[in-house]
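One structure is given here, and the rest of the page talks about it.
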Amino acid sequence: MCCFYCGEIQPIAQNCTNTECGKKLAHYFCGVCKFFDDDEKKYIWHCDKCGLCRVGAREMVHCDLCNMCLHPDHTMHQTYDGNCPICNESLFHSTTTVMRPGPCLHPIHTSCFKQYLRTNYKCPICSKTYKDNFNLPQLWASYQREIDATRMPREYRSWKTEVLCNDCGIQSTAPFHVVGHACAECKGFNTKITALHKIPPVEGEDEDEEEVDVEIEGAIEEVEGDEVMEEGAGEFAIYSDSDESEDYSEDSSIDLSENAENNQ
């Protein structure tokens with residue numbers, strides 16, 4: 001290695017071997033991994049059983065069942081053998097914080113989890129709702145308002161769907177709608193369609209309402225056909241009341257390994 005202070009070429013070590021220099025090159029140095037780190041706030045140690053350097057809390061110990069260093073009070077074993085479901089990085093060799101959000105406790109990178117919650121509310125592995133991170137009554141109410149405001153065409157209004165709830169596991173029947181289908185048991189919209197029944201509409205049903213729909217569609221086409229609209233004539237906006245809270249519990253996060261990516 002080359003000392004940044006004196007420019008002396010020398011074997012890898014924590015301190016410069018030049019007697020005229022003798023500078024300490026990093027706060028932490030591992031002679032096995034040839035790894036340097038100068039962040040004094042980190043607690044880093046080399047684990048012989050893991051075969052690499054770890055960063056985390058001082059109370060973390062090596063678990064032979066999990067084959068990695070974890071908090072001694074952990075109860076789920078062999079949960080970090082796979083990859084992060086978002087970025088597909090190995091959790092065992094990960095250099096970033098990993099957490100196990102409830103209720104399913106599937107491990108995922110904390111940074112990936114925060115980014116994922118911006119566009120989704122369910123576990124990417126088992127599809128259960130992250131109940132601790134959302135106001136579910138408000139979230140499901142926003143789905144219901146969207147369904148009430150979005151009228152299905154007449155030929156689809158009699159269709160029925162059999163759905164399986166990803167949260168409570170109950171199978172029930174719901175009217176077909178493009179927005180979603182509510183579970184009859186828990187009233188949540190985290191469901192998946194297991195069967196679709198295409199029931200034809202009854203003759204004469206909703207004919208008056210169909211005429212109203214035609215008039216509305218004609219009015220919309222007339223507005224869209226205008227080349228010029230007065231400024232400030234009107235604005236349309238759709239609001240979602242879903243509460244995507246980012247209140248993440250520090251208790252559920254676990255610091256994992258500091259890989260020797262900066263080896264020299």
query = So what's the net charge close to C104: Lys and Arg +1, Asp and Glu -1, counting the other residues with Cβ under 12 Å from its Cβ?
reply = +2
key: Whole-Hz ³J(HN,Hα) from phi, Karplus 6.51 cos²θ - 1.76 cosθ + 1.60, for region 37-51, glycine and proline x   = 8, 10, 8, 6, 7, 7, 9, 10, 8, 9, 9, 5, 6, 6, x
task = Counting only heavy atoms of the protein chains, get the accessible area per residue of region 28-161 (1.4 Å probe) and round it to a whole Å² value.
result = 53 Å²
inquiry  = Give me the one-decimal nm value for the distance between modelled label points at K192 and T19, 7 Å along each residue's Cα-to-Cβ direction.
reply    = 7.2 nm
key: Highest to lowest packing among 119-125, 187-193, scored as the average C-beta count within 10 Å   = 187-193, 119-125
key: Directionally averaged shadow of region 1-86, computed from the convex hull of its alpha-carbon atoms, nm²   = 7.6 nm²
request  = Pop out the carbon and sulfur fraction of the accessible area of region 151-201 as a percent, whole number, probe 1.4 Å.
outcome  = 56 percent
request  = Mind listing the long-range amide H neighbours of K122? Cut-off is under 5 Å, sequence gap 5 or more, other chains count too, H placed in the peptide plane at 1.01 Å from N.
outcome  = Y130
message = Rg/Rh for region 32-182 to two decimals, with Rh computed the Kirkwood way over all alpha-carbon pairs.
response = 1.14
request  = State, as an integer percentage, the relative contact order of region 11-110 based on alpha-carbon contacts under 8 Å between residues 6 or more apart.
outcome  = 12 percent
Residue-by-residue Karplus 3J(HN,Hα) for region 127-137, coefficients 6.51, -1.76, 1.60, Hz, glycine and proline x = 6, 6, 6, 6, 5, 6, 10, 9, 8, 4, x
request  = Would you pull out the residues with amide H under 5 Å of N15's amide H, same chain only if 5 or more places away, H placed 1.01 Å from N?
outcome  = L25
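The values are calculated or read from the model by the stated rules, or taken from the named source; none is laboratory data. Being a predicted model, the structure only gives us computed values, none of them experimental. With ideal geometry, Cβ positions are generated from the backbone for all residues, glycine too; neighbour counts draw on all protein chains shown. Calculation scope for accessible area: heavy atoms of the full protein, side chains included, ligands and nucleic acids excluded. Shrake-Rupley method; radii C 1.70, N 1.55, O 1.52, S 1.80 Å.
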